[in-house]
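The structure appears right after this line, and notes come after that.
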Amino acid sequence: MGAYSTDELLPPGLREQILDSIVQPTMRGLAGEGIHYQGFLYIGLMLTGAGPKVLEFNCRLGDPETQAIVARMDFDLAQMLAEVAAGILEPARLKWKSGASVCVVLTSGGYPGKFVSGKKIAGLTDAGRVNGVQVFHAGTLRQGESIVTNGGRVLGVTAAADSLERALAKVYEAAAKISFEGMHYRKDIGAETGRVHAAGD
């Protein structure tokens, strides 16, 4: 499981199609129901031969897509959230870093089925030293001086760089430095960049 983000992820024509056929009708529908929506609206899409189709709507950011998105934010997320809550957000102030980002999720053995928690995690410090990498904790627990697994999705290893290829190299370099019993992760995130497809899994 993982996600990636690049400047070239959506061709302009496809972006306009999604805005015209999905996003704008959704916002008009909310307004028509008298709903003044503030916050995140995550639209999960599948790109098909018949055009983009909606899989789901979530009133939150998606995971692990969030980590890839946060890595490219060039603004203060906390300040932005406060401005959304106050109704004073100016979208023009939301600036994004150029380049690309990748998140690879390290999961417990057996996930998404039955898995065992409590496995000691090694290599977190070394992974965090890779330039441009952040390690987000999802299913972890501190036990004394150790960090152990405490869920199916354990860590989100995320890297940002000036290109998708460099971001992929960094994220997998960092992931290889981490270990715990039963750990597994996908090694094909961002591999199908020759065609446009859903960027999260």
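The values are calculated or read from the model by the stated rules, or taken from the named source; none is laboratory data. As the structure is a prediction and not an experimental result, all values here were calculated from the model. As a convention, Cβ positions derive from the backbone with ideal geometry for all residues, glycine included, and neighbour counts pool all protein chains shown. Surface areas here come from the heavy atoms of the whole protein model, side chains and all, with no ligands, DNA or RNA. Shrake-Rupley method; radii C 1.70, N 1.55, O 1.52, S 1.80 Å.
Observations, loosely collected:
- Build a GNM of the chain with springs between Cα atoms under 10 Å apart, and of Ala159, Ala50, Ala100 the one that fluctuates most is Ala50.
- Taking Arg28, Arg142, Arg129 as the candidate residues, the one with maximal mean-square fluctuation in a Gaussian network model of the chain, Cα springs under 10 Å, is Arg28.
- For Leu14, the solvent-accessible surface with a 1.4 Å probe is about 30 Å², rounded to the nearest 10.
- Ligands, DNA and RNA left out, the 1.4 Å accessible surface of the chain is 53% carbon and sulfur atoms.
- Loop-located trypsin sites (Lys or Arg not before Pro) in region 84-123 whose Cβ has at most 13 other Cβ within 10 Å (DSSP): Lys95, Lys114
- Average accessible area per residue (Å²) across the chain - probe 1.4 Å, nucleic acids and ligands excluded: 57 Å²
- Isotropic mean projected area of the C-alpha convex hull, region 46-201 (nm²): 11.5 nm²
- Region 1-134: C-alpha gyration tensor shape, a/c 1.5 cut-off, then a/b vs b/c: prolate
- Distance from region 8-64 to region 85-136 (C-alpha centre basis), Å: 23 Å
- Counted residue by residue at 0.36 nm each, then reduced by the alpha carbon distance between them, the extension gain from Lys95 to Glu145 reaches 14.1 nm.
- In plain terms, the C-alpha convex hull of region 123-193 casts an average shadow of 4.9 nm² when viewed from every direction.
- For the pair Asp162 and Asp20, label points projected 7 Å from Cα toward Cβ lie 3.6 nm apart.
- The solvent-accessible area of Leu81, taken with every protein chain present and a 1.4 Å probe, is close to 80 Å².
- Anisotropy class of region 98-158 from Cα gyration tensor, a/c 1.5 cut: oblate
- Accessible surface of Glu181 - all protein chains present, 1.4 Å probe, nearest 10 Å²: 130 Å²
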